[in-house]
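Visitor: Shown below is the structure under consideration.
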Amino acid sequence: MFDNLTRRLSTTFAKLAGRTQLTADMLSDALSEIRIALLEADVALPVVKKIIDDIKEKAVGQKIVDGTKPAETVAKIVYDELVEILSDTDSRLSTLDSRLIMLVGLQGTGKTTTAGKLAAYYKKQGRAVLLASTDIYRPSAREQLEMLAGQAGAGSLPIIAGETVPQIADRIKSEIRNQKSEIIIVDTAGRLQIDEPLMAELRELKKVLNPTDILLTADAMAGQESLNVAREFNNVLGITGLVMTRADGDARGGAVLSMKAETGAPVMFVGVGEKISDLEQFHADRIASQILGMGDVVSLVEKAQEHISEKDAEIAMKKMFSGEFTLNDMMYQIRQVKKMGSIGGIIKLIPGMGQMADALKDKATDGAINRQLAILSSMTTAERAKPDIIFAARKSRIAAGSGTTVRDVEQLLKNYEKMRAGMKQLSSFGSPEKLMEMMKNTDS
């Protein structure tokens, strides 16, 4: 999501590179480029107009701070505008209050899957979660939710055949009164398009259940059509938040800006994959930073902390400074990085690397990582411990066993030698503490 917008904005800022003063003509040209970039990203025209007007107002007469270039100034103004549009001061879904969340949206936008992901998200926080479905129309919809509840380790409202929506709502109310679950997530029925019977049912459910939150699931791939859908649901129900689904695809992403600006309902969560754990809380400042190709160090650190334990990180650090680095260590590190997600996704979080993500696509794809793991797994324990014994015959055997070529094996060994050389350089400092001390002395 946002990849095209990021590329267009990066090109715009690149045109300002090397300039020492922000002139009216330069600003006009930059605003024209930004306008085109936003429109191509499926941002609605009224929203584009507001963004451009706001940027122009902030930029005109902007004093250039000493040492700051026009490209940096415009980028900062655009960043502040994006954060302002996307931000939400109400982060109620992150609080520990008991709540009933009602998920609404069209059929096919990922409501049921999102319900399961939300359950997993709150279970991870140690909350007692119950999933309930009022979708009696889509075949096996309730069974699917029950299965997802099991995957998330959450409770599920028992399915009773032939039950009506009002009857299910009554049982959900009983669960609320029992107060056994801190979070109750209700998955509602959808339609291929908005119609009165659907809205009438949802209005009644809202009246009966009195949910604390009504979240609209919006498919990031739907483009500007999402704006009309969000507008209708908001007019009828008064949605309190948005969940963007399929954000890991080729969506242009502009619908997020449009829906937030139109409804005032903040984007609460973003679905970033098919796994039940692939749901992330939406942070306006981090998203704005990624849109502008600035990376997102905070998310990168959080991702590492989530998948790599402190103990494992400490062991890896000691290994790095010991000067001992075998192919077993290389395989372990690759597996640790793979836990964090796709290589392209990780690269985009590194400041300054956003524009390189596409260029590195062919060299650092998940397929390439899997090939490296296949080669390493095809080696014997002795070969991984002492790579010096890997000569021609062994290379041929390893290549055949991993479904790769001898050239692939040789390339991996070259990469390993480079990594080992880097580790030896680190070992000369003795420890991370000594390296930090040396850097402090250098700065002073």
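The values are calculated or read from the model by the stated rules, or taken from the named source; none is laboratory data. Keep in mind that this is a model prediction, so the values were computed, not measured. Virtual Cβ from ideal backbone geometry, glycine too; neighbours counted across all protein chains shown. Each accessible area value is taken on the protein alone, full model and side chains, heavy atoms only, with ligands, DNA and RNA left out. Shrake-Rupley method; radii C 1.70, N 1.55, O 1.52, S 1.80 Å.
Visitor: Which one of the conditions (1) in contact (Cβ under 8 Å) with a residue 24 or more places away in the chain; (2) buried (at least 18 other Cβ atoms within 10 Å of the Cβ); (3) farther than 15 Å from residue 100 by Cα does residue 186 fail to meet, given that it meets all the rest?
Guide: Looking at each condition in turn, residue 186 falls short on (3).
Visitor: Of 167, 151, which residue is surrounded by fewer than 21 Cβ atoms within 10 Å (Cβ to Cβ), farther than 19 Å from residue 105 by Cβ and touching a residue at least 12 places away in the same chain (Cβ under 8 Å)?
Guide: Within the list 167, 151, the selection yields 151.
Visitor: Of all residues in the stretch 219-242, which are of a type outside the set (Ser, Thr, Tyr), out of contact with any Gly (no Cβ under 6 Å at 6 or more places or on another chain) and under 19 Å from residue 40 (Cα atoms)?
Guide: 219, 220, 222, 223, 224, 225, 227, 228 - these are the residues of the stretch 219-242 that are of a type outside the set (Ser, Thr, Tyr), out of contact with any Gly (no Cβ under 6 Å at 6 or more places or on another chain) and under 19 Å from residue 40 (Cα atoms).
Visitor: Something else about it: For a quick check of your reading of the model, give me the residue pairs whose first member lies in the stretch 367-379 and is at pLDDT 90 or above, whose second is open to solvent by 30 Å² or more (accessible area, probe 1.4 Å) and not in a helix (DSSP H, G or I), with beta-carbon atoms closer than 7 Å and at least 6 apart or on different chains.
Guide: Pairs found: 374/403.
Visitor: Any idea how many residues of the stretch 42-73 are at pLDDT 80 or above, in contact with a Leu (Cβ under 8 Å, 6 or more places away or on another chain) and crowded, with 16+ Cβ neighbours inside 10 Å?
Guide: Adding up the residues that qualify gives 7.
Visitor: Among the residues in the stretch 156-164, are any surrounded by fewer than 13 Cβ atoms within 10 Å (Cβ to Cβ) and of a type in the set (Asp, Glu)?
Guide: No, there is no match, as no residue in the stretch 156-164 is surrounded by fewer than 13 Cβ atoms within 10 Å (Cβ to Cβ) and of a type in the set (Asp, Glu).
Visitor: Out of the stretch 111-170, which residues are of a type outside the set (A, V, I, L, M, F, W, C), over 23 Å from the mean Cα position of the chain (by Cα) and assigned to a helix (DSSP H, G or I)?
Guide: Passing the criteria: 142, 143, 144, 146, 150, 166, 167, 170.
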